[in-house]
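Bear in mind these aren't lab numbers, they're just calculated from the coordinates by the rules spelled out. The shown structure was predicted, so the numbers you read here are calculated from the model rather than taken from an experiment. Reconstructed Cβ throughout: ideal geometry from the backbone, glycine too, with neighbour counts over all protein chains shown.
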Amino acid sequence: MKMTQHSVHVDLGARAYDVLIGPGLIAQAGAHIHRLFGRRRAAIVTDATVAGLHLARLQAALRAHGIEAEALALPAGEATKSWDQLGRSVEWLLAQRIGRQDLVIAFGGGVIGDLAGFAAAILRRGVRFVQIPTSLLAQVDSSVGGKTGINSPQGKNLIGAFHQPSLVLADIDVLDTLTPRDFRAGYGEVAKYGLLGDEGFFGWLEANGPALARDPALRAEAVRHSVAMKADIVQRDETEQGDRALLNLGHTFGHALESATGYSDRLLHGEGVAIGCCLAFELSARMGLCSQESPSRVAAHLAAMGLPTRIGDIAGDLPDDEALIALMGQDKKVLDDRLRFVLARGIGQSFVTDQVDIDAVRQVLAQSRGGRR
Ligand code: GLY
């Protein structure tokens, strides 16, 4: 497949923006930002790992177009999505004299995109920001759609704002620097798109998924297709009053497992989503919504991609089923105290429901504790 640059337009009226996907976009960042915004003052929020690998290149690309941008490098990891690091970032942006006409650049994975986007949302009541996502997960999901925020001790992403970026630059080349585990975890979110709404794409992933890690053109196509699906959903339902909740396929289970493992290296977000998707399809089959063939096909593909598919794949002790169900109740997707799940009538046919048989949830959790089949 020939390597081209893709562009997906997120059509949100006054808040519309483009997501550019392709190789070399960090080197072109100055040109794209200058073309859209002119020679603004800009400030980069990043993490220590991304800064070490890519920051000098981004700053040089901006400087070549007359944009001098200082950078704040925060600690890498989910713990950075905290009040402390948010306060530190906002104070630093104020010290950099970033004003309403200036730009914040979020340069990193999902943690940095969410935190820097939220800092931009509340700084001087809203400053424009550009997402330059450096993980597969951030490129296909968190950098697009305007969800920004931090975690609370009471749960993930409970504090935040909808604040759309003004531009997203998804440089496919940076994915080469991800660890295989981080790449696989991001792939959990790619597969989610096929599972929630496009069986043809899931079939394409079954055929091409194993080659994505080494074929940049296939990888770019997977990112493009995922972003196009996300843009379509966000355009229909920007603030998650309805259809956008489909993007949470696998997340009710996944967030409970992430919480149970302390948001640590024991289970990365995309791994939790992979197990969560398997559980959502198992639950759907158990409730008679789809045939057993669907969850078997989901688990077979995710396992072939090296992802965990069962609770038993998570190392170490976990809380019991009642505690996991209680953690699901902490999720912000709970409406009027009813657990809300994304279930499926088949691959690519997901829907949101609060009509879930809790006994079936218990059976699915118990069955999933057994480890890989
Ligand atoms: N990551 C889910 C969403 O953006 O709605």
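Values for this structure:
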item: Rg(Cα)/(2.2 N^0.38 Å) for the range 201-308, N = residue count; result: 1.15
item: Dimensionless Rg over Rh [the range 100-172; C-alpha; Kirkwood]; result: 0.96
item: Over the range 108-199, relative contact order from alpha-carbon pairs under 8 Å, at least 6 apart, %; result: 31
item: Non-local Lys pairs in the chain, i.e. 8 or more apart or on different chains, that have alpha carbons under 28 Å apart; result: 22
item: Per-selection metrics, the range 156-207 (Cα): Rg and Dmax in Å; result: 14.5, 39
item: Span per principal axis, largest first, for the Cα atoms of the range 48-143 (Å); result: 32, 29, 22
item: Normalised convex hull volume, the range 133-176, alpha-carbon set, Å³ per residue; result: 69
item: Rg ratio (alpha-carbon, reference 2.2 N^0.38 Å) - the range 16-175; result: 0.92
item: Rounded to 10°, Cα long-axis angle of helix 269-286 versus longest principal axis of the chain; result: 30
item: Charged-residue dipole, Cβ positions (Lys, Arg, Asp, Glu), the chain about Cα centre, Debye nearest 20; result: 1020
item: Low-density loop positions, trypsin sites (Lys or Arg not before Pro), the range 188-268 - DSSP coil, at most 12 other Cβ in 10 Å; result: R214
item: Span per principal axis, largest first, for the Cα atoms of the chain (Å); result: 60, 45, 39
item: Quotient of Cα Rg and 2.2 N^0.38 Å for the range 1-95, N being how many residues it contains; result: 1.24
item: Qualifying trypsin sites (Lys or Arg not before Pro) for the range 97-166 [loop in DSSP, other Cβ within 10 Å: at most 13]; result: R97, R100
item: Distant alpha-carbon pairs in the range 226-373 (separation over 24 angstrom), percent; result: 27
item: Charge-dipole axis of the chain as Lys and Arg at +1 and Asp and Glu at -1 on Cβ define it, positive-most pick from S166, G38, A95; result: G38
